[in-house]
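The values are calculated or read from the model by the stated rules, or taken from the named source; none is laboratory data. Here the structure is a predicted model, which is why all the values come from computation and not from measurement. Note that we place each Cβ from the backbone using ideal geometry, even for glycine, and neighbour counts take in every protein chain shown.
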């Protein structure tokens with residue numbers, strides 16, 4: 001966060017106005033329609049870098065849609081964010097972008113549904129601050145301490161929510177597993193035919 | 001085993017007449033040794049739901065025409081993504097149905113609890129442990145109400161063949177016949193069939209006091225229909241039965257045309273093939289040249305390996321969405337079975353369905369061994385996926401996907417089933433061949 005970046009509000013507003021094309025389904029195998037690799041490649045080129053190699057592109061189109069979908073949706077939203085003129089005019093972050101999209105952004109996508117980073121104000125702010133931090137930037141007008149503190153507050157609140165949801169999900173799964181163990185000892189109700 | 005019929009939890013809606021029939025089924029002098037007291041567990045509320053389900057089956061307006069998405073589909077998808085942990089993990093519901101990723105038996109086998117909606121109460125949970133004819137043993141979570149919904153589906157299938165399943169109080173309607181080394185057997189009474197009997201038996205002589213009792217008991221029951229699989233019907237046709245059913249309903253394995261013809265000749269009644277899975281219940285019934293889809297709230301697609309919809313006339317994997325089991329709402333679930341999708345008026349058809357062919361292995365003493373028995377004995381080993389082939393010289397070739405934890409135990413289990421001296425070659429492989437679907441059981445001469 002050493003360098004001062006753009007105004008936070010400009011970027012959060014940009015995310016809030018994310019066009020439907022960037023919220024559409026990423027293409028993974030037969031599913032979805034948006035070729036994420038092409039969008040990423042175009043962005044990196046617009047930012048002054050080299051387009052993705054074939055190998056790099058593969059990571060944005062293959063894999064298990066049940067696992068990768070949310071990450072790719074967040075990649076699309078993030079690409080929209082980085083198309084902001086502030087980044088395009090400076091052409092400084094192209095080299096970092098591929099690593100960011102395939103690394104830290106994957107972690108962020110693991111806990112929160114991608115569309116919440118558009119629809120919920122706190123998540124919008126978290127996404128913008130997260131992206132800036134990974135590029136060693138901080139919002140214009142903020143000190144490093146302020147920027148770190150605000151991102152930590154947002155992340156902590158979200159992390160708490162995620163932990164609470166995960167705990168509830170695990171409790172529910174355990175209750176079902178326990179019921180399965182109890183019921184396995186019982187006999188099933190009659191069935192008229194077999195499979 | 002007797003006594004279950006005194007328990008109101010097992011038979012909440014049992015009437016006086018039903019009680020008498022159940023007692024008769026248990027105390028009959030030729031009755032088998034039931035392994036299970038039998039139960040129904042259907043409540044008045046459940047029965048109401050079954051009746052509503054039956055009424056919906058009879059309503060023509062909800063059938064699907066070529067290319068149409070049913071009205072209920074959108075809400076089903078949204079509910080799944082909101083309420084079911086497995087689907088929710090991939091974010092919100094895609095706006096386009098074709099963008100939904102497919103699921104498969106491996107997903108379900110790994111964590112069946114993740115498919116249970118958060119809002120689904122766990123009372124009266126029922127578990128069906130399936131032997132895994134496509135290679136993945138499975139625990140299917142369900143409930144007495146959806147299990148009772150098999151009956152209206154069966155009625156509909158029979159009606160398509162001109163057979164009326166009446167379900168008179170005081171008589172046996174259905175006998176489910178098995179021929180296995182061991183399986184659950186029971187006598188039950190169904191409120192859906194107006195307190196008629198539903199009995200499951202095993203034609204293994206070990207289940208009876210005397211081998212001659214099998215035919216005598218079945219004649220005494222004189223059921224409206226028999227259900228079972230081609231292997232059990234082959235055994236049933238060896239019995240000197242005096243009575244004849246209205247129909248025979250074959251499920252679980254492919255019913256080959258020659259075998260169907262022989263059974264029809266022998267029993268003098270229609271032999272009806274139903275395509276059914278534990279995950280969905282009965283899906284479709286054979287009628288003339290194709291399987292006609294029975295369920296109104298089961299959306300069927302035929303997809304290629306990459307998940308694209310197959311053009312009309314092209315074979316693909318039968319993939320289902322919806323279903324009537326509240327513990328298992330399905331979204332693009334790949335069944336492992338292959339067919340062509342076709343439409344006739346409002347009927348949805350599966351043509352050229354490739355199901356699960358029955359295989360009878362031969363033991364060391366020449367004894368027949370049902371492939372279901374092989375699945376049953378191997379189940380405790382929790383193998384991820386395997387295939388078993390018997391060569392012309394009767395030696396066995398077992399191929400297992402991945403590492404085998406305890407190969408000695410695996411050998412002991414198979415040899416105890418087939419007999420001492422059985423030759424067995426065990427191979428660990430990185431992947432099993434998938435030509436259409438995995439042919440899990442095979443013999444050189446079949």
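Worth pointing out:
- Only one of the listed residues (A:142, A:171, A:178) is more than 17 Å from the chain's Cα centre (by Cα) and under 30 Å from residue B:200 (Cα atoms). That residue is A:178.
- Selection from the stretch A:12-45 of residues that are within 12 Å of another protein chain (Cβ to nearest Cβ) and part of a loop (DSSP other than H, G, I, E, B): A:24, A:25, A:27, A:29, A:30, A:32, A:33
- Every condition in (1) in contact with a helix residue (DSSP H, G or I) (Cβ under 8 Å, 6 or more places away or on another chain); (2) modelled with pLDDT under 95; (3) within 11 Å of chain A (Cβ to nearest Cβ) is met by residue B:272 except one, and the failing one is (2).
- Residues that are part of a loop (DSSP other than H, G, I, E, B) and either touching a helix residue (DSSP H, G or I) at 6+ places or on another chain (Cβ under 6 Å) or over 19 Å from residue A:189 (Cβ atoms) (or both), drawn from the stretch B:12-23: B:13
- Within the stretch B:24-105, helices (runs of 4 or more DSSP H) holding 3 or more residues that are within 25 Å of the chain's Cα centre (by Cα): B:44-58, B:72-83
- Any hit, the stretch A:139-158, residues being touching a strand residue (DSSP E or B) at 6+ places or on another chain (Cβ under 6 Å), part of a helix (DSSP H, G or I), within 14 Å of chain B (Cβ to nearest Cβ) and at negative phi: no
- Of the numbered criteria (1) free of Cβ contacts under 8 Å to residues at least 60 places away in the same chain; (2) outside any helix (DSSP H, G or I), the one residue A:100 fails is (2).
- Pairs where the first residue, in the stretch B:102-114, is more than 12 Å from every other protein chain (Cβ to nearest Cβ) and the second is part of a helix (DSSP H, G or I), C-beta under 9 Å, 6+ apart: B:108/B:86; B:108/B:114; B:108/B:115
- Note on the stretch B:134-165: residues that are at pLDDT below 95, part of a loop (DSSP other than H, G, I, E, B) and in contact with a strand residue (DSSP E or B) (Cβ under 8 Å, 6 or more places away or on another chain) amount to 4.
- Selection within the stretch B:403-415: residues that are touching a residue at least 24 places away in the same chain (Cβ under 8 Å) and surrounded by 11 or more Cβ atoms within 10 Å (Cβ to Cβ). The member of this set that is farthest from residue B:364 (Cα to Cα) is B:404.
- Elements of the type strands (runs of 3 or more DSSP E) sitting completely within the stretch B:185-245 and holding at least 3 residues that are under 22 Å from residue B:41 (Cα atoms) and within 14 Å of another protein chain (Cβ to nearest Cβ): these cover B:186-190, B:196-202.
- Some residue of the stretch B:115-125 being assigned to a helix (DSSP H, G or I) and under 19 Å from the mean Cα position of the chain (by Cα): no
- Whichever residue in the stretch A:54-73 is exposed (fewer than 15 other Cβ atoms within 10 Å of the Cβ) and closer than 17 Å to residue A:100 by Cα and, among such residues, is nearest to the other protein chains (Cβ to nearest Cβ): A:58
- Boolean, residue A:176 is farther than 30 Å from residue B:177 by Cβ, within 13 Å of chain B (Cβ to nearest Cβ) and in contact with a strand residue (DSSP E or B) (Cβ under 8 Å, 6 or more places away or on another chain): yes
Each row is one residue, and each column tells you yes or no for (1) more than 19 Å from residue A:195 (Cα to Cα); (2) outside the structural domain of residue B:85 (by TED's automatic domain parsing); (3) touching a helix residue (DSSP H, G or I) at 6+ places or on another chain (Cβ under 9 Å).
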position	(1), (2), (3)
B:231	no, yes, yes
B:241	yes, yes, yes
B:255	no, yes, yes
B:305	yes, no, no
B:314	yes, no, no
B:322	no, no, yes
B:336	no, no, yes
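- Of the residues examined, residue A:72 is not one that is in a loop (DSSP other than H, G, I, E, B) and touching a helix residue (DSSP H, G or I) at 6+ places or on another chain (Cβ under 9 Å).
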